[in-house]
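Report on one structure; see the data block that follows.
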Amino acid sequence: MTALLEVDGLAKSFGSVHAVDSASFEVQPNTITALIGPNGSGKTTLFNLITGYLPPDQGQVRFQGRDITGSSSGRLYRRGLSRTFQQARIFPQLTVQENLTVAAGYSWQQLFGRRMSRADRERVGSLLEEFRMGHVADLFASELSYGQRKLLEFAAVLMSSPSLILLDEPTAGVNPVMIETMEHHIRERHAAGITFLIVEHDMNFVMRLCDPVIVLDQGREIFVGPPSQVQTNPLVLDAYLGS
Ligand SMILES: Nc1ncnc2c1ncn2[C@@H]1O[C@H](COP(=O)(O)OP(=O)(O)OP(=O)(O)O)[C@@H](O)[C@H]1O
């Protein structure tokens, strides 16, 4: 099977800190792959390198077989590679509905002139329904709870019809009910054909949802395998207990 995403010898240093140090791994299509590792092991930096928010010092990233190293985040978004952030990046001064509209690629002028295609209007409507956000559609995003903002960001990246979504700590700081909601939506969208790469510290969440699991330590992968083998792998235990 051809990998959907290939990370090959990726490296990034900040001064003397080797945040990502020759990392290489693949994400196969139709998986929910986890990327875990102790604090500071380079997970967010890797996400930034893959999604065009940081240029790598070395190495290559391929998406759907094409070299995307150094491509801009906007270009990757339009090609079907989207991401979320640890702190949801949404527009607090726009309503929930407007946030989804902007994510479809509409300019601010079009947004306020209501010149939106019927198909996109319907997509916004169906996402509001799917994510049960109809009742908050006209609230400003700033009025949402922390968890709802994360959910909105997730819904917004779906406007680009992505084939791969990178989620950066989707459950961090989120209440248990919202964690279940998040898991439900990931499963639903996975069943509909979207591939996920998820950075997450909640091991219960990872163990029940993800396969395979990639473990990063000091900027490079030290384990790739099924969740059942992660917790007993000596290299993984060393990385976590030694940190
Ligand atoms: N912009 C930056 N400037 C300097 N150092 C940085 C920068 N970004 C990350 N680092 C360093 O790179 C290393 C990897 O950080 P990164 O945030 O990628 O790790 P992480 O695995 O995502 O951590 P966490 O689980 O705590 O979110 C850390 O030592 C961090 O301090």
Just want the answer: with Cβ charges of +1 for Lys and Arg and -1 for Asp and Glu, which residue in G219, G74, N30 is farthest toward the dipole's positive end in the chain? G74
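Sum -39500 (n - 2.57) across every DSSP H segment of at least 4 residues in the chain, then divide by the residue count to get the 222 nm mean residue ellipticity, nearest 500.
On the way: 10 runs with 90 residues, N = 243.
Calculated mean residue ellipticity at 222 nm is -10500 deg cm²/dmol.
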With a/c under 1.5 counting as rounded, go ahead and sort the stretch 103-243 into rounded, prolate or oblate using the C-alpha gyration tensor (a ≥ b ≥ c being the square roots of the eigenvalues; past the cut-off, prolate if a/b is larger than b/c, else oblate). prolate
Considering only protein heavy atoms and a probe of 1.4 Å, how much of the accessible area of the chain is carbon and sulfur, as a whole percent? 49
Using a 1.4 angstrom probe on the protein heavy atoms only, line up R62, R123 by accessible area, largest first. R123, R62
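Quick check on the stretch 125-166: take the gyration tensor over C-alpha atoms, sort the square-rooted eigenvalues as a ≥ b ≥ c, and tell me if it's rounded (a/c under 1.5), prolate or oblate.
On the way: a/c = 2.51, a/b = 1.49, b/c = 1.68.
It comes out oblate by the Cα gyration axes.
Counting Lys and Arg as +1 and Asp and Glu as -1, what is the net charge of the other residues whose Cβ lies under 10 Å from the Cβ of V20? Before the final figure, lay out each step's value.
Details: positive: K12, K43, R220; negative: D21, D57.
Summing Lys and Arg as +1 and Asp and Glu as -1 gives +1.
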In square angstrom, what is the accessible area per residue of the chain with a 1.4 angstrom probe? 47
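Could you give the dipole magnitude of the stretch 138-183 about its Cα centre, charging the beta-carbon of Lys and Arg +1 and that of Asp and Glu -1, in debye to the nearest 20? Walk me through the numbers on the way to the answer.
On the way: 2 positive and 7 negative charges, 10 e Å.
Computed about the Cα centre, the dipole is about 40 debye.
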Would you please classify the overall shape of the stretch 25-77 from the alpha carbon gyration tensor, given that a ≥ b ≥ c denote the square roots of the eigenvalues, rounded means a/c under 1.5, and beyond that prolate means a/b larger than b/c while oblate covers the rest? oblate
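Give me the number: length gained by fully extending Q60 to Q229, i.e. 0.36 nm times residue separation minus the C-alpha to C-alpha distance, one decimal in nm. Please list the in-between numbers first.
On the way: separation 169, 0.36 × 169 = 60.84 nm, distance 2.84 nm.
Extra length available between Q60 and Q229 comes to 58.0 nm.
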Which helices of the chain meet both criteria: a Cα extent of 15 Å or more along the helical axis and a mean Kyte-Doolittle score no lower than 0.0, with helices taken as whole DSSP H segments? 146-158
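With charges only on Cβ, +1 for K and R and -1 for D and E, what is the dipole size of the chain about its Cα centre, in debye, rounded to 20? Walk me through the numbers before you get to the answer.
Working: 21 positive and 25 negative charges, 174 e Å.
With Lys and Arg at +1 and Asp and Glu at -1, about 840 debye.
Send over the Kirkwood Rh of the chain, from the inverse of the averaged 1/r over different Cα pairs, rounded to one decimal Å.
Details: mean 1/r = 0.0538 Å⁻¹.
One decimal place: 18.6 Å for the Kirkwood radius.
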Can you find, among H184, M207, I194, the residue farthest towards the positive end of the dipole of the chain? Put +1 on the C-beta of Lys and Arg, -1 on that of Asp and Glu. I194
With the dipole of the chain defined by +1 on each Lys or Arg Cβ and -1 on each Asp or Glu Cβ, the option from L167, V20, L94 whose Cα lies farthest towards the positive pole is L94
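The values are calculated or read from the model by the stated rules, or taken from the named source; none is laboratory data. No experiment lies behind these values; they were computed from the predicted model shown. Counting neighbours? That spans all protein chains shown, and the Cβs are built from the backbone with ideal geometry, glycine included. Each accessible area value is taken on the protein alone, full model and side chains, heavy atoms only, with ligands, DNA and RNA left out. Shrake-Rupley method; radii C 1.70, N 1.55, O 1.52, S 1.80 Å.
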